[in-house]
Structures are given as structure tokens and as C-alpha cells.
Amino acid sequence: MATPFFKSLGQAIRDRGHTVYRVRFCGGDRLFSIGQPGWGFNGTPEQLPQWLQARHIEHSFTDAVLFGDTRPLHAQAIPLLRNLGVRIHVFEEGYLRPNWITLEQDGVNGYSRLLSRPAEFWTDPLRPIADNVHIPGRKTLGIRGLYDISYHLASTLMQPWHRAYRTHRPYSALREYLGWARRLPHIKLRLEWQANRRIERLVADGSPYYLFPLQLDSDAQIRVHSPFSGMTEAIETILHSFAEHAPPESLLVIKNHPLDTGILKHHQTVHRLARQLDISQRVRYLEAGNLPRLLMHARGTVLVNSTTGTSALFHGSPTIALGTALFDLPGLTFQHGLDRFWTEGRKPDKTLFLRFRHTLIRHAQIAGDFYTRAGIRQAVQGSLDAMQLEAMPVAPATSPAVQVLPDNLMEPLAPLPAYGGKLPAAASGYLYKKT
């Protein structure tokens, strides 16, 4: 991942007396782990389990630190790690936004352990939460973009040393950057202002409207944890249902994701379908705009499983989630299908939402971010506490240095036994062992 966070976390774990090994899959991983010991993997995804097994036989690592759990390359890693009894710590962007990151054991989002918790787990009486629940806001978009460009530039330059590596993204970094270069300046200079004017007219007119915030088509929340193949299918489903079942006087406001590259041209899909369904006068498409303002006045919010769902619940908007989402709970979201939601949706239970949010923070959220210096420091400290890493005795000065293995696939390995069942994937970041 394009962030210095994992380098800082690895050093912090090492400072507690543990041995840490960084697994590098591409040039970007090399760039963001300069000066740290580790291994380069240059094989195919199918070769990764055997390669990891060999490292485990030699080093007996106890824990794995990962980012995400759905990337195809990493799908090969988690079954082996689980079979070996390795504790798996999975990081992800925050369930609550902004200024939070997610950390869970074994999986996140649709693979989260929290999904199997009974309703009583979320409805326990409120308990005090740490003071960092209200943390200072930090703007991360600019620095995040610089890190992303640096990561992919390094991956391109070092591609000869990682010929087998393939990105998990559906489009090349260059194609995405060209899309952002065309779209983002227009948003900043013109579209944001225009969208906010349209939002204010909606609010002033008192027009009843439903909000549908789009997600990134490449997001695992869509590709893995929803019934849709992509955002185009989700748009089709929601527009057809709105045309047939929503009150005739109501509008549907569709807001694009702020990081959308524009490659799929969602606006064209929306306008084409609206014409076919004869609802063009009832559909509003926004490339930008003030999301909280839209949520506060919406008759309801329709989404797949975006983190916008928690914002919608916070603002008291009736909400339905069409994919797998932690916040999709009776009393919070509508449970009786999209067609009925347009006329039967009800506001979420405010007390239940507060309990849900506090429980989510206690069990899965770390204050901080992956990009700013202050945010990384805060997130590293919170992560160490959540991972329950005890400090180990400092190794004697005569201890041998950590071995940095060659960046290639080494000796042939014996086949691994088969692992049955469908298991989630994982993104390997660090492996560490107690010393």
C-alpha cells in the first residue's frame, strides 16, 4: 500500500523486541520499506503459499500484518497462515470516516468477525469511550495522491525485478491518473460550486428526494461483498426499482464518488437509463457537492455498503444497504427489500446507532490515518495497543542480524496439502516473530 504507515509500524514492533520481516511484491513495496529487512517475492500467486511455508519453517513467525483481505495475489496467503496458526491482523480504511483506520483479526468488511455477533453485542449499555473519539480533522487527499504516484512510479521502474507482479486494480495506474487529471480540476474549479448550488435549490424547494452515493467500481465492497458485478449493475437495479416503486413526486439524487476516475462514465449510464425508464425529470446526477447537507435533508439513502452508510445513520436518514455491511442491522437500516424501502423506510434508532458506533470503535477502529505524520504516529500507537504486543527482552548485542534473503524464488518446494472451503484473501505487509 502507498503509505509510510507500515514502515513506521514495523519499526515500532521491532522497537518492542520482535523480529520483523517485510514482504515486498513490487517496486512500490520496496520504496516504502527502504532500510528495513525483508524478502522480495517474485513468483506467481499460486507459488506464494509454498514460498511462505519455506519462510515459516526457517523463521517460525507468529503473526502477520496485512492490508485488506480481497486482493487476488494475497488470496493465496491467508489459508496457509491460518493453517499454520499465525495470528492475522488485517488493516483497512476506516469504517468510520474520516480520521479512523480499521484493524481486525482475520478479516474486515464482509469477512469481519463482527458480522457473526448477535444483536445483543451491539445493544449493550453505553460505556465510556476514550477521549480520541473526537479527533482533529486532517486533510489527506493531496499527500495520499503523492504517495500513490510515487508507489506506482517505483513499481513501473522496478518491473524487471518483479515480472510476475500484477496489480489488483482493474485499470493501469496511468489510465487512472489520466482520468483523475481530466476530472479533478473541473471538480475544484467548477463542478463543486455548481453541485452545491443545485443542492441548495433542492433543499429550498422542499423537493422530496432519495440519495444514492456511488462507490468505486474497483472496490472489493462492490466486487466481493455485494450481489453486483460492478457499479453499473447497481445503478441499473436502483433506477429500475425507483421508477416502479418510489412515490411519483420524489426525486433520486445520484452523487459520484470523489475519487472516481471517470473511466466508466457513470453520468452517461445514469442519463441513458433515466431516458429509457422515462424518469429523466426525476433524476439528478452530481459529480460533487456537500454530502452531509444532502444526507440531512434526504427522504432516504440507498447504497450498497459504502461507509457513507454510517454518515447517513448519524444524520438520521432512513437507509438501506444492498450489500454486506456491518451497519446493516435491524433498527438501523431497512430490512425488507429495496422495492418497499421507497415508501416504508424509517429513521434509524438514534440510541442504537450510538451504541453501534461506540462498539465499532472499541472493537475495530484506531484513531489516526495512513498518510499524515501526526495521523500515522497516532495510528501506530493505537495499533500496537490493539494488537496486544508485549515488549520483549532486548536481544544481546552479539545476536545475529536478520537475514535478508535474495529477491527471487529459491529452491523448489514440496507441494502443500489442499485446503478446503472458501476463505478470504489477505494482503501481506509484515510478518513478525517473538524473539
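The values are calculated or read from the model by the stated rules, or taken from the named source; none is laboratory data. Nothing here was measured: the structure is a model prediction, and the numbers come from that model. FYI the Cβ positions are ideal-geometry reconstructions off the backbone, even for glycines, and counts take in every protein chain you see.
Determine, yes or no, whether Gln335 is farther than 26 Å from Leu141 by Cβ and surrounded by fewer than 21 Cβ atoms within 10 Å (Cβ to Cβ). Judged against the criteria, Gln335 is a match. Taken together, Phe334, Phe370 contain a single residue that is in contact (Cβ under 8 Å) with a residue 40 or more places away in the chain and of a type outside the set (S, T, N, Q), which is Phe370. The set of residues from the range 16-74 being in contact with a helix residue (DSSP H, G or I) (Cβ under 9 Å, 6 or more places away or on another chain) and of a type in the set (Gly, Ala, Ser) comprises Gly27, Gly28, Ser33, Gly35, Gly38, Gly40, Gly43, Ala64, Gly68. For Leu48, only one of the following conditions fails: (1) over 22 Å from Ala154 (Cβ atoms); (2) crowded, with 20+ Cβ neighbours inside 10 Å; (3) more than 21 Å from the chain's Cα centre (by Cα). What is its number? Against the list (1) over 22 Å from Ala154 (Cβ atoms); (2) crowded, with 20+ Cβ neighbours inside 10 Å; (3) more than 21 Å from the chain's Cα centre (by Cα), Leu48 comes up short only on (1).
The single residue among Leu184, Leu202 that is at pLDDT below 85, surrounded by 17 or more Cβ atoms within 10 Å (Cβ to Cβ) and in the same structural domain as Thr308 (by TED's automatic domain parsing) turns out to be Leu184. Restricted to the range 37-74, and to residues that are polar (S, T, N, Q) and assigned to a helix (DSSP H, G or I), which residue is nearest to Met1 (Cα to Cα)? Result: Gln47.
Within the range 81-92, does at least one residue satisfy the condition of being in contact with a His (Cβ under 8 Å, 6 or more places away or on another chain), part of a helix (DSSP H, G or I) and surrounded by 20 or more Cβ atoms within 10 Å (Cβ to Cβ)? Scanning the range 81-92 turns up no residue that is in contact with a His (Cβ under 8 Å, 6 or more places away or on another chain), part of a helix (DSSP H, G or I) and surrounded by 20 or more Cβ atoms within 10 Å (Cβ to Cβ). Of the conditions (1) surrounded by fewer than 21 Cβ atoms within 10 Å (Cβ to Cβ); (2) touching a residue at least 60 places away in the same chain (Cβ under 8 Å), Phe61 fails just one. Which one is it? The one condition Phe61 does not meet is (1).
Restricting attention to the range 278-310, the residues that are hydroxyl-bearing (Ser, Thr, Tyr) and either surrounded by fewer than 18 Cβ atoms within 10 Å (Cβ to Cβ) or in contact with a Gly (Cβ under 8 Å, 6 or more places away or on another chain) (or both) add up to 3.
If the condition is being in contact with a helix residue (DSSP H, G or I) (Cβ under 6 Å, 6 or more places away or on another chain) and without any contact (Cβ under 8 Å) to a residue 24 or more places away in the chain, then the range 80-105 contributes no residue at all.
When residues in the range 1-36 are screened for being in contact with a Gly (Cβ under 9 Å, 6 or more places away or on another chain) and assigned to a strand (DSSP E or B), 5 of them pass. Of the listed requirements (1) surrounded by fewer than 19 Cβ atoms within 10 Å (Cβ to Cβ); (2) in a loop (DSSP other than H, G, I, E, B), His271 misses just one: (2). Taken together, Ala298, Ala234, Ala243 contain a single residue that is more than 16 Å from Pro208 (Cα to Cα), in the same structural domain as Pro208 (by TED's automatic domain parsing) and either touching a helix residue (DSSP H, G or I) at 6+ places or on another chain (Cβ under 6 Å) or modelled with pLDDT of 95 or more (or both), which is Ala234. Considering each residue of the range 107-137, count those that are modelled with pLDDT of 75 or more and surrounded by fewer than 19 Cβ atoms within 10 Å (Cβ to Cβ), and give that number. Residues in the range 107-137 being modelled with pLDDT of 75 or more and surrounded by fewer than 19 Cβ atoms within 10 Å (Cβ to Cβ): 10 in total.
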